[in-house]
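Peer 1: Handing you a structure now.
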């Protein structure tokens, strides 16, 4: 197959229902770009009176409904401590998505990002994580607590944990050993062969399945291959929903490898690892950066044993996946996706694949 033709984004005006799946900074970066296209008040209804300032209009093509489905296997940092102390799911990735989708990324969203620098047991905790923990204790329902926190931030979209089951990530490594816990897995120098959830028979959040079923566009990535992306398709019901979805399904490829997760893996090999865990072909398109990364940035990443991911477009298209290629990266100390260019390319795609 040949790369998909360029599309005049401003001419595409149909409303779209969009689902973005992932975790970490990759998902929140993508959501910042998609947020600009969401119709005002299409997300969570705010708990408090909104500002008297006029709400920004969305540039076409517009999104009528945006949902983020977020992994819940993190066990490090503030999230890990709350998980241990309160026997709750980790709120960190969900909180980052709330801030990214906030109508006003100023005082309240800054407060949600604030990390205590001292204060004994508070040191290192993130205020947004503590806020979600308080709501969990009040309501006894993690998903409901996330909804309430999103309402406080007046998010332009819905945020769903992929499951509300208390799951632990485990990995079979290259030497045959089993490593438990996301933090231990990422710290290992061994190569990850297979990921598993413990327990394996968890239930997906029904709202997440409903969002996938009704979506016109579904994205997976960017983010850490094994600990932000594949973790979502380990939840029973999620890969089946993606395989059966009527919407256009897109893999947003990472820009750089990670030393202890995806070193030397090309873009097509990332997809192969995802397919091996999903046990089904779940992508129609792959968005691949083909613009060069500045040498200075490459050298900085090389010092951390990371490198630019090879954009092996021909191999990806041989898998039956059409490639969207272009300049989707920006370098500001770190190499990140440009959220606006990525969102425009995604929303220019035709709706539906069947």
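The values are calculated or read from the model by the stated rules, or taken from the named source; none is laboratory data. Keep in mind that what you see is a predicted model, and the values were worked out from it rather than measured. Neighbour counts are summed over all protein chains in view; Cβ atoms, including those assigned to glycine, are modelled from backbone coordinates with ideal geometry.
Peer 1: Scan the stretch 218-233 for residues that are surrounded by 24 or more Cβ atoms within 10 Å (Cβ to Cβ) and not in a helix (DSSP H, G or I) and jot them down.
Peer 2: Within the stretch 218-233, 218, 219, 220, 221, 222, 223 qualify.
Peer 1: Continuing with this model, one more query. Going by the structure shown, is residue 132 in contact with a strand residue (DSSP E or B) (Cβ under 6 Å, 6 or more places away or on another chain) and surrounded by 14 or more Cβ atoms within 10 Å (Cβ to Cβ)?
Peer 2: For residue 132, the condition - in contact with a strand residue (DSSP E or B) (Cβ under 6 Å, 6 or more places away or on another chain) and surrounded by 14 or more Cβ atoms within 10 Å (Cβ to Cβ) - is not met.
Peer 1: If the requirement is being under 17 Å from residue 18 (Cα atoms) and crowded, with 18+ Cβ neighbours inside 10 Å, which of these qualifies: 208, 170, 243?
Peer 2: 208
Peer 1: Anything in the stretch 65-115 that is within 20 Å of residue 17 (Cβ to Cβ), outside any helix (DSSP H, G or I) and at pLDDT 95 or above? List them, or say none.
Peer 2: 65, 66, 67, 68, 69, 70 - these are the residues of the stretch 65-115 that are within 20 Å of residue 17 (Cβ to Cβ), outside any helix (DSSP H, G or I) and at pLDDT 95 or above.
Peer 1: Within the stretch 299-333, work out how many residues are more than 20 Å from residue 252 (Cα to Cα) and surrounded by 16 or more Cβ atoms within 10 Å (Cβ to Cβ).
Peer 2: Residues meeting the conditions: 1.
Peer 1: With the checklist (1) assigned to a helix (DSSP H, G or I); (2) surrounded by fewer than 24 Cβ atoms within 10 Å (Cβ to Cβ); (3) without any contact (Cβ under 8 Å) to a residue 60 or more places away in the chain; (4) in contact with a helix residue (DSSP H, G or I) (Cβ under 8 Å, 6 or more places away or on another chain) in hand, flag the one item residue 179 doesn't pass.
Peer 2: (1)
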